[in-house]
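Just below is one structure, and these are the notes that go with it.
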Amino acid sequence: MNKLSYFKVGLFVIAASVIAVIGVILLGVGSIFEKITLVETYIDESVQGLDVGSAVKFRGVPIGKVEKISLTSVEYATRKRYVLVRVGIVPTMLELPLGDPNHAGFKLEVERGLRLRLAAQGLTGVAYIEADYADPQRNPPLEIDWQPNYPYVPSTRSRITQLSESVEKILRSIETVDLGRLVDGIEKSLGTITKVAEGANLDKLGREANTFLGEIRDTNRQLKEIVGSAELKSALQDSAGAAKKAREIIDNAEKPLKLLMADLPQAAEGLNRLVKRLDSVANDLPETSTQLRQTIQRMNRLIANQQRDIERTMDNLRAISDNMKEITESSKKYPSQVLFGAPPPPSKAIQR
């Protein structure tokens, strides 16, 4: 190989190296000069699979990475052994004032349930930090007795931990169940049911039920015959005719009674005028006409007494007329009651 070939190879290697360096600078300059905000949280569980540089995601969208993993007892004077995880978040991704922990907006988001938790990425065992909103009542912040150096976002238990705790509770509940006693109780119940089924005379009950149904059918057939009989129809027609005649009698009697009641006030008024005239004539008579005046007074009292009797008699006639009206209306609505009186006695089959 001549010198010109070596020169070309060297020139190619140098150009490739320069291009690679420029590419690395261009690709990494964004992350180098990108502004991040440090936020820390405390986790009360194992963080196996989480490393420095692991991703931080908000509902699956990368917003930063893990900057430091340590224990709270190393960073702060405390006896609580939580895992301290400090992450760097790009503020423009969440648009939250993460740099100021005393900011009202930051506190409001934490109160609404902003939490960080450990999440697994598939089945590889690699973990990352997931930011999301959870129920603040069911996921309260951990108790701390120190002042965080960076804005503090509370954490919540991971899905795997919650699932394992639920499975443990179920297993503990199963362990407390006395399976032997439960099985014995089931066997005793089955034995009791078997004895009751064997002791029950089902054939006899079936025969009695069939007999009872037969009696009900006979009673129903008899009722149909009675209702459809010609005697009942003719009796209903006769009762309707009798009711019609009674109504005509009452109507005919009602007119004279009304005329009599209308004439009574005029008759009473005429008697009163007659009495007044007799009194005026008696006053003009000499004293020897005293007996005539007394006779006239007795006649007046007698007429007054007879007037009250007449009024009572008219009231009785009115009451009789009302009773006849009620009887007529009842015979129209319930003709069977006029004919048969009280309802028939209950059937012996029903009493059984």
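Checking every residue in region 135-148 against the condition of being part of a helix (DSSP H, G or I) and over 26 Å from TYR76 (Cβ atoms) gives zero matches.
Name the one entry in LYS107, LYS65 that is within 18 Å of ASP132 (Cα to Cα), without any contact (Cβ under 8 Å) to a residue 12 or more places away in the chain and not acidic (Asp, Glu).
Sole residue among the options that is within 18 Å of ASP132 (Cα to Cα), without any contact (Cβ under 8 Å) to a residue 12 or more places away in the chain and not acidic (Asp, Glu): LYS107.
Given PHE212, PHE106, which one is in a helix (DSSP H, G or I), at pLDDT 75 or above and touching a Lys or Arg at 6+ places or on another chain (Cβ under 8 Å)? Let's see the steps before the verdict.
Values: PHE106 fails: touching a Lys or Arg at 6+ places or on another chain (Cβ under 8 Å).
Step by step, each of PHE212, PHE106 is checked, and only PHE212 is in a helix (DSSP H, G or I), at pLDDT 75 or above and touching a Lys or Arg at 6+ places or on another chain (Cβ under 8 Å).
Being at pLDDT below 80, charged (D, E, K, R) and either within 46 Å of the chain's Cα centre (by Cα) or not assigned by TED's automatic domain parsing to the domain that holds GLU40 (or both) holds for only one residue in GLU95, GLU143, GLU111, and it is GLU95. Only one of the listed residues (VAL66, VAL29, VAL74) is more than 25 Å from GLU165 (Cα to Cα), loosely packed, with under 12 Cβ neighbours inside 10 Å, of a type in the set (Val, Ile, Thr) and at pLDDT 90 or above. That residue is VAL74.
The values are calculated or read from the model by the stated rules, or taken from the named source; none is laboratory data. The model shown is predicted, which means the values in this text are computed figures rather than measured ones. Neighbour counts run over all protein chains shown; Cβ positions are idealised from the backbone, glycine included.
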